Amino acid sequence: MLIIQHHVKTVPHLLLPTNQFDLTMKLTGHDLKQINDTTLEHLSPEQLLSFSKRMLADLKEAMDRLNQNSNNSSKPPSSTPPWVTTPADQENTGDEDGEDHDNNKPRREVNDTPPPKDEQPGSTPETPDSSGTQPSSQEGTDASSTQKTSPVKRTAGKQQGAEGFGRTQQLPVTAIVHHSSTHCTVCNAYLGGHETQVAWTAFYSLDIAESIPEQPGIHLNHTKHIFFEIECACGHHNRSEPHAVMPEASWPKTNLSEWRLVGPRFAAMIVMLSKRYRNSRRLIREFLYDFLGIELSVGTIDQTIREAGRSVEPLEEGLIHEIEEASLAYVDETSWKEAGNLRWLWVFRTLTVVLFVAGKRDRTIFCKLLLDGRFKGIVMSDGWVVYREYANRLRCWAHLIRKARGLSESCNFVATKVGLEILALFTTFQDAIYIARNQPEQPFGTLAKQYENEMEQLKALCEAHKDSNHDKLRAFARELLRDWDVVVRQIYDPSLPLTNNDAERILRHWVIDRRLSYGTRTVEGTRSFTLLASVIETCRIRGAPAWDYLTTVIAAARKGLELPALPGMQAANLNLPGITS
Ligand SMILES: [Zn+2]
């Protein structure tokens, strides 16, 4: 009895929301607290039998729930406790290692923590801002977002008594670049070389040299950019200036400018350390110091990542357009936290594009992207009700097979029997589909005709149990019947994909990122995150180096130039839709 009490008590707390538990179990926690050996000793044989039956039903239910995991139910892999290794973990060990790093310390840090304004502008006239912020920048407002989210009101700027990170590091200058006007902008007269002009400002830029095969490794360039001015004979005052992109309402705290300590290639590396390798700003700072001997503040790192997000923003339109043109889109979604508010993070994946969008926890984004009539392709998804609004879709069989397996492992005799039968039928179909794919293409519906009887059997099983007393069996039978045409679509056309793994695997990387970072803190932070994630993953599925591409995009964006096009699909990747993660 004590053991039973123990099981029943631990199940809801570890694995299930308590309310769901109390609703379907016959004995509540409140009941169990009152029942002991004495209670049972005072029951008549009839009462004892009746109570035993209820207890047995509860015990079976509890056992089923204890055994439930992402392998035999619709529970997403992210619901698996972190200490349980799932098959997906084993597949992706190279990637998921990050999950364990730094696990001795509670990770309070948030990826998009507004940067502490710990960078003080340089003081010499030649280096108005050696920290990478602009002389007249509004970066000081960064700290204002802290006021929104943190319970304690903080003033902008360095806090009294806080550790200061004023840029004191002196690195040898490896190159000097002179920026001067050669001709007068008014009369077009030749103005002479920079030697005849007056230097009015300068900034330092730290960047990573492009790697050459003969010399692997990371090599730093520390470049001094000097800007000159001169008065023309016509009276016009000519001055060369680092380019600054006009402020944008949607990026109130993110300026885009050439005037940066962190050069484009170095910035792209910081983005990769953050997004691809899931390091917090603080860990990146530590890494740069420990391995490259570079001191950068958390604020500069944060600014660099958000600026990169704004840099790649113009690419989004092209990504959406490619999705609209695609014949098949894999779609999945998960929860995301922005400043403690629950949001929805969506991933849309086609053969050549990955797009992340974060927004409200409803159908808005799905409707905007795929239900507005421009997308004509097939949607592959799980069984979430929102997707049913789109008729031309596929169901992920991995989810259905997991549910069938869950039933087959139930303690209920009927559910086990039916679960095993459904599982066997799906396995038969699946095997037949794999075989059909390796054979010359046959007319539409050939396989369905061949497996007509088995499909009828499946349908009959669902019909027979659609009013079953067993909750899960009834729900599953109804689900299959309701979505019948979509469920069996791959049997009619075996070339269609069977699972949504291509989207789920990509999303998984960012689910781990969310667990490490606790989400984002600001709207700009979320925006920057989804944009960069989209570009990085798109490069990855195309087999193109994301670091190189981000470098060229950041460099162009800072100069206000048109962005280079996304790299094309590498031939080797065309037949490998599963290279992600
Ligand atoms: Zn002139």
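The values are calculated or read from the model by the stated rules, or taken from the named source; none is laboratory data. No experiment lies behind these values; they were computed from the predicted model shown. Because the Cβ atoms are built from the backbone with ideal geometry, glycine has one as well, and the counts that use them run over all protein chains shown.
I'd like the full set of residues that are in a loop (DSSP other than H, G, I, E, B) and modelled with pLDDT of 90 or more, limited to the range 378-391.
Step one: of the range 378-391, the residues in a loop (DSSP other than H, G, I, E, B) are 382-384, 390-391.
Across the range 378-391, there are no qualifying residues.
Identify all residues within the range 182-194 that are assigned to a loop (DSSP other than H, G, I, E, B) and either near the ligand (Cβ under 10 Å from one of its atoms) or touching a residue at least 60 places away in the same chain (Cβ under 8 Å) (or both); write none if there are none. First the steps, then the outcome.
Residues of the range 182-194 that are assigned to a loop (DSSP other than H, G, I, E, B), as a first pass: 182, 184-189, 191-193.
The answer is 184, 185, 186, 187, 188, 189, 191.
Out of the residues in the range 435-454 that are out of contact with any Phe, Trp or Tyr (no Cβ under 8 Å at 6 or more places or on another chain) and among the hydrophobic types (A, V, I, L, M, F, W, C), state the one that is surrounded by the fewest Cβ atoms within 10 Å (Cβ to Cβ). Give the derivation first.
Within the range 435-454, the first condition is being out of contact with any Phe, Trp or Tyr (no Cβ under 8 Å at 6 or more places or on another chain), and the residues that meet it are 435-443, 446, 449-450, 452-453.
Those left that are additionally among the hydrophobic types (A, V, I, L, M, F, W, C): 435-436.
Details: 435: 11, 436: 19.
That would be 435.
Of the residues 416, 446, which is under 19 Å from residue 495 (Cα atoms) and without any contact (Cβ under 8 Å) to a residue 24 or more places away in the chain?
On inspection, the qualifying residue turns out to be 446.
Could you please give the count of residues in the range 195-231 that are polar (S, T, N, Q), within 15 Å of the ligand (Cβ to nearest atom) and surrounded by 14 or more Cβ atoms within 10 Å (Cβ to Cβ)?
Kept after step one, since they are polar (S, T, N, Q), are these residues of the range 195-231: 196-197, 201, 205, 211, 215, 221, 223.
From what is left, the residues that are within 15 Å of the ligand (Cβ to nearest atom) are 196-197.
Then keep just the ones that are surrounded by 14 or more Cβ atoms within 10 Å (Cβ to Cβ); that gives 197.
Qualifying residue count, the range 195-231: 1.
Does residue 431 meet the test of being assigned to a helix (DSSP H, G or I), at pLDDT below 90 and over 13 Å from the mean Cα position of the chain (by Cα)? It would help to see each step written out before you state the result.
Values: assigned to a helix (DSSP H, G or I): yes; at pLDDT below 90: no; over 13 Å from the mean Cα position of the chain (by Cα): yes.
Criteria not met by residue 431.
Pick out the one residue from 548, 485 that is in contact with a Lys or Arg (Cβ under 9 Å, 6 or more places away or on another chain) and modelled with pLDDT of 90 or more.
548 is the lone residue from the list that is in contact with a Lys or Arg (Cβ under 9 Å, 6 or more places away or on another chain) and modelled with pLDDT of 90 or more.
Residues checked against (1) buried (at least 23 other Cβ atoms within 10 Å of the Cβ); (2) in contact with a strand residue (DSSP E or B) (Cβ under 8 Å, 6 or more places away or on another chain); (3) of a type in the set (Gly, Ala, Ser); (4) within 26 Å of residue 177 (Cα to Cα):
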residue: 234; (1), (2), (3), (4): no, no, no, no
residue: 242; (1), (2), (3), (4): no, yes, no, yes
residue: 248; (1), (2), (3), (4): no, no, no, no
residue: 252; (1), (2), (3), (4): no, no, no, no
residue: 262; (1), (2), (3), (4): yes, yes, no, yes
residue: 270; (1), (2), (3), (4): yes, yes, no, yes
residue: 275; (1), (2), (3), (4): yes, no, no, no
residue: 282; (1), (2), (3), (4): no, no, no, no
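Would you mind telling me which numbered condition in (1) surrounded by 15 or more Cβ atoms within 10 Å (Cβ to Cβ); (2) at pLDDT 90 or above residue 173 fails?
All conditions are met except number (1).
I'd like the full set of residues that are farther than 30 Å from residue 308 by Cβ and more than 9 Å from the ligand (Cβ to nearest atom), limited to the range 232-249. Show your work before the answer.
So the first thing to find is which residues in the range 232-249 are farther than 30 Å from residue 308 by Cβ, and the list is 232-238.
Passing the criteria: only 237.
Out of all the residues in the range 340-368, which are among the aliphatic types (A, V, I, L, M) and either under 19 Å from residue 532 (Cβ atoms) or part of a strand (DSSP E or B) (or both)? Even if it seems obvious, please write down each step before you answer.
Pass one, the range 340-368, residues among the aliphatic types (A, V, I, L, M): 342, 345, 347, 351, 353-355, 357-358, 365.
Listed by number, the residues that qualify are 342, 345, 347, 353, 354, 355, 357, 358, 365.
From the list 451, 492, pick out the single residue that is at pLDDT 90 or above, closer than 28 Å to residue 414 by Cβ and of a type in the set (Ser, Thr, Tyr).
Numbers: 492 fails: closer than 28 Å to residue 414 by Cβ.
On inspection, the qualifying residue turns out to be 451.
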